[in-house]
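Heads up: the structure comes next, in structure tokens.
Coordinate-derived values only; no laboratory data. Note that this is a predicted model, so its numbers are computed, not measured. Cβ atoms come from the backbone with ideal geometry, glycine included; neighbour counts cover every protein chain shown.
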Ligand SMILES: [Zn+2]
């Protein structure tokens, strides 16, 4: 039987098509169509979106679903449900699983699990180097054939510039973007937070901006040299934003993302050694935070990505020095981003939706992020003003390491559709 979906009366915001008007969205056999006939409408699953925004399903090009190897933290089933609850319909998983995704066999195992368990579109990436050791190159061609959308050693930045040059040339040969976690290891040994006044006061080893800036500069130079598309993950330093602005003005093929936490919090949030504010790269200062927002406003930074990084409560509940880096973000990213960018009047609703949909999709060439006729019927329905209180215990994610827990935010996801099928509805 043909499946029809009719989402009615919502404020349709589809930035890729410059659309912002009250209207209806029709989905037939999984794809967006111009309209449905009267008889198709009579058969359709209907959703009354009056008073809500109807946007393309959100896109996150930086998540960790921990499968295989650390499924006590998250797996593809729980991660994709968490994403759906957050309004996401397409995500890109990082390859630092256990084992890491540096060969077609591991990728096939992940792909099988995605096919069986995922409720949204889950895309994969492959490692740049074998074992993410920064030495020998991974078999990018085989990984590409098996379906990856980008290559990255996220979490472990390649330190040797000659190897990085060959890695980006190899990826470019296979028409894949490179995503880099920009961190010079020689400047960040044992570092656990931003190097500055707060780290001094807390007596913790600092991670200076320079460690990020040096690698961002290196990547810009290598992109210019090789023509490679290099994407800077979770940019955190004001100086890196400046470097990217100059590079883009010169037409160099680089992009950057900002995470919801780096545009909202600073190192001062760590307060009394709260490990929920320990991430890599670290939260920095107000100057950095404002520069990231400025970068999103003028297009220097291209998209919002969560770096959803689940860890179990016992792992995070320890001394600051020993706790793992990272936080989860998928289930409150829309609300926290709306608070930081929209309710604060920095950007319009349409601009925020663009940063969370087609802008990220374009970096990884994903068929996602628009409500164009013929696109997959992936839709996020939300109320931008609805207040709700974040309760990490109620999350679909297996992990609870969420610094927003207990906060009241504006912006609530009401329902999420993938290929016209409802995959989340707020009850
Ligand atoms: Zn990273």
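At a glance:
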{"quantity": "Simple label model, 7 Å out from Cα along Cβ direction - residue 38 to residue 427, nm", "calculated": "3.7 nm"}
{"quantity": "For the range 123-280, diffusion coefficient by Stokes-Einstein and Kirkwood Rh (Cα), 25 °C, 0.890 mPa s, µm²/s", "calculated": "150 µm²/s"}
{"quantity": "Hydrodynamic radius (Kirkwood) for the range 245-369, which is based on Cα pairs only, to one decimal in Å", "calculated": "15.6 Å"}
{"quantity": "Contour excess over end-to-end distance, with Cα ends at residue 388 and residue 274 and 0.36 nm allotted per residue", "calculated": "38.7 nm"}
{"quantity": "Rg and Dmax of the range 370-413, Cα atoms only, in Å", "calculated": "14.3, 40"}
{"quantity": "Cα pair distances exceeding 17 angstrom across the range 71-173, given as percent", "calculated": "51 percent"}
{"quantity": "The range 1-73 - Kirkwood radius from inverse mean 1/r over Cα pairs (Å)", "calculated": "14.4 Å"}
{"quantity": "Percentage relative contact order, the range 289-427, counting C-alpha pairs under 8 Å, at least six apart", "calculated": "25 percent"}
{"quantity": "On Cα atoms only, tilt of 104-117 relative to the major axis of the chain in degrees", "calculated": "40 degrees"}
{"quantity": "Cα Rg, Dmax (largest Cα-Cα span) when computed across the range 265-306, Å", "calculated": "11.8, 35"}
{"quantity": "Length-normalised contact order for the range 57-363 - Cα pairs under 8 Å, 6+ apart - percent", "calculated": "17 percent"}
{"quantity": "Cα centroid separation, the range 315-388 to the range 167-210 (Å)", "calculated": "23 Å"}
{"quantity": "The range 1-155 pair-distance distribution - Cα-Cα, 5 Å bins, rounded %", "calculated": "2, 9, 15, 16, 14, 11, 10, 10, 7, 4, 1, 0, 0"}
{"quantity": "Cα-based helix-to-principal-axis angle, 286-298 vs the chain, degrees rounded to 10", "calculated": "50 degrees"}
{"quantity": "Mean separation of Cα contacts under 8 Å (6+ apart) over length of the range 105-177, as relative contact order %", "calculated": "30 percent"}
{"quantity": "At q = 0.09, 0.10, 0.12 Å⁻¹, base-10 log of I(q)/I(0) for the chain (Debye sum, equal scatterers on each alpha carbon)", "calculated": "-0.52, -0.64, -0.94"}
{"quantity": "Geometric extent, Cα atoms of the range 222-311 - Rg, Dmax (angstrom)", "calculated": "13.9, 46"}
{"quantity": "Beta bridges per DSSP with both ends in the chain, % antiparallel, nearest 5", "calculated": "50 percent"}
{"quantity": "Cα long-axis angle, helix 238-249 against the chain (0 to 90 degrees, to the nearest 10)", "calculated": "70 degrees"}
